[in-house]
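> Attaching a single structure in structure tokens format; questions to follow.
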Amino acid sequence: MQVHDDKYKKHRVFSELDSYASFYQQLSMSVFSFATMGTKAIANIDTYVYSSIQGTVESISIILLQGRINDAYALLRKYYDSAIINIYSNLYLKDNFNIDNFVVEKIHNWLQGTEKLPDYRIMSQYIRASKRFSQMNALLYGDDRYKNLRDRCNDHTHYNFFHNLMQNDNEVYIKGRGETLERFSEDVQNIFVLHLGYIFTLNDHYMMSSDYLDALECNMDPEENSQYWVAPFIQDIFQKTITPFRPDIAASIKENSAMQLS
């Protein structure tokens, strides 16, 4: 497959990436009003994390469209890292914030630029050791898909094999380029599902529609149980992406949340 062919340019991975970027943009705006407990931040820090991830996903799409699959995988690893950082920081805040520890220094210092977060491996181990995520961890790591995904990202980032380097040449014919796009599409989807699986398990209120808060801001009585209504864009991503791809993850999120997710 040549990267200039319509078959390459019209591969489903590009519409999927557009969908993920749009989702992160909407999620970024949706969570703005939820204070990040354990920090001195006025706005929700995840607002900026999600807008940053949106940018990374958009960059992946642009580079992939140019046929630079090797570079796209390097950015995919960045996306993976960003998801882990977001999950870790939220989990660490949840574990350590209390009345006697109103400001969680590790995360506060990271926000202030005076302390780095731990290495990826340490953050990943912390997440996988959490009792809060016992069910989600069992589902996500029931096979080797994430280990293999991480290995592929590292192989492309570090040129571990010559064929990884060749995937950045958009002028030559490379056998199996179509299969690589198929694999890339699945890899992005797996990171997306992992990210939302953890975040919505930990912060199910992130799924909330604006109806409840809109009513309060207008000095109106919110409709009964409207605090459990789910935002339409989140309902949509579950119906189109998460449930068809990983019904077990979708079921786990629903089981552990009071939100009215269909």
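> Local charge sum around Gly197 (other residues, Cβ-Cβ under 14 Å, Lys/Arg +1, Asp/Glu -1)?
Values: positive: Arg128, Arg132, Arg145, Arg246, Lys254; negative: Asp204, Asp248, Glu255.
So the surrounding residues net to +2.
> If you don't mind, another one. Straight distance only, please: which lysines reach the Cα of Lys240 with their own Cα at less than 17 Å, same-chain residues fewer than 8 apart left out?
Lys254
> Does region 165-262 classify as rounded, prolate or oblate by the C-alpha gyration tensor (a ≥ b ≥ c root eigenvalues; a/c under 1.5 gives rounded; else a/b over b/c gives prolate, otherwise oblate)?
prolate
> Using θ = phi - 60° and the Karplus curve 6.51 cos²θ - 1.76 cosθ + 1.60, what whole-Hz ³J(HN,Hα) does each residue of region 90-107 get, with Gly and Pro shown as x?
For region 90-107, the Karplus curve yields 5, 5, 5, 5, 4, 6, 10, 7, 7, 4, 8, 9, 5, 10, 7, 4, 4, 6 Hz.
> Same structure, new question: Hey, in the GNM for the chain with a 10 angstrom Cα cutoff, which one of Ile69, Ile42, Ile234 fluctuates hardest?
Ile42
> Follow-up. How big, in percent, is the set of alpha carbon pairs in region 22-96 lying more than 15 Å apart? List each step's numbers first, then the result.
Numbers: 1652 of 2775 pairs.
For region 22-96, the fraction of Cα-Cα distances above 15 Å is 60 percent.
> Taking the square root of 5 times each eigenvalue of the Cα gyration tensor, what semi-axes in Å does the equivalent ellipsoid of region 73-146 have, largest first?
That gives 24, 18, 8 Å for the three semi-axes.
> Which whole number of Å³ per residue matches the convex hull of the alpha-carbon atoms in region 55-196?
Hull volume normalised by residue count: 125 Å³.
> Can I ask one more? Could you give each residue of region 146-162 its phi-based ³J(HN,Hα) in whole Hz, using Karplus coefficients 6.51, -1.76, 1.60 with θ = phi - 60°, and x for Gly or Pro?
Here the 3J(HN,Hα) series is 7, 5, 5, 4, 4, 4, 4, 4, 5, 4, 6, 5, 9, 6, 5, 9, 4 Hz.
> Any idea how many Lys pairs in region 1-125 come in under 20 angstrom at the alpha carbon, given 8 or more places apart or on separate chains?
Within region 1-125, the lysine pair count is 7.
> With θ taken as phi - 60° and the coefficients 6.51, -1.76 and 1.60, list the Karplus ³J(HN,Hα) couplings across region 238-251 in order, rounded to whole Hz; mark glycine and proline as x.
Per residue, the Karplus-derived 3J(HN,Hα) values read 5, 5, 8, 10, 5, 5, x, 7, 9, x, 5, 5, 4, 5 Hz.
> Then there is this: If one puts a single equal scatterer on every Cα of region 1-55 and applies the Debye formula without solvent, what log₁₀ I(q)/I(0) results at q = 0.15, 0.30 Å⁻¹?
-0.54, -1.04
> Residues in region 30-46, backbone N under 16 Å from the label point at His108 (7 Å along the Cα-to-beta-carbon vector): list them, ranges by number please.
36-43, 45
> Here's something else I'd like to know. Between region 68-124 and region 32-47, what's the alpha-carbon centroid distance in Å?
Result: 15 Å between the Cα centres.
> Of [x] 65, 46, 34; [y] 53, 42, 30; [z] 62, 39, 32, which is the value of Cα extents along the principal axes in Å derived from the coordinates here?
Correct label, based on the coordinates given: [z].
> Expressed in nm to one decimal, what extension gain is obtained for the pair Asp221 and Gln125 from 0.36 nm per residue of sequence separation less their Cα-Cα distance?
Result for the pair: 30.1 nm of gain on full extension.
> Tell me the mean residue ellipticity at 222 nm calculated for the chain from its helices only (DSSP H runs of n ≥ 4, each -39500 (n - 2.57), averaged over every residue, nearest 500). If you can, show how the numbers build up before the last one.
On the way: 13 runs with 163 residues, N = 262.
Mean residue ellipticity, 222 nm, calculated: -19500 deg cm²/dmol.
> Then there is this: Quick one: which residues, 5 or more positions from Val230 or on another chain, have an amide H under 5 Å from its amide H? H modelled 1.01 Å from N in the peptide plane, none for Pro or chain starts.
Excluding prolines and chain starts, which carry no amide H, the hits are Ser209, Gln260.
Each reported figure results from applying straightforward, stated rules to the coordinates on display, with no laboratory input. What you see is a predicted model, and the numbers here were worked out from it, not measured in a lab. Glycine gets a Cβ as well: all are built from the backbone with ideal geometry, and neighbour counts include every protein chain shown.
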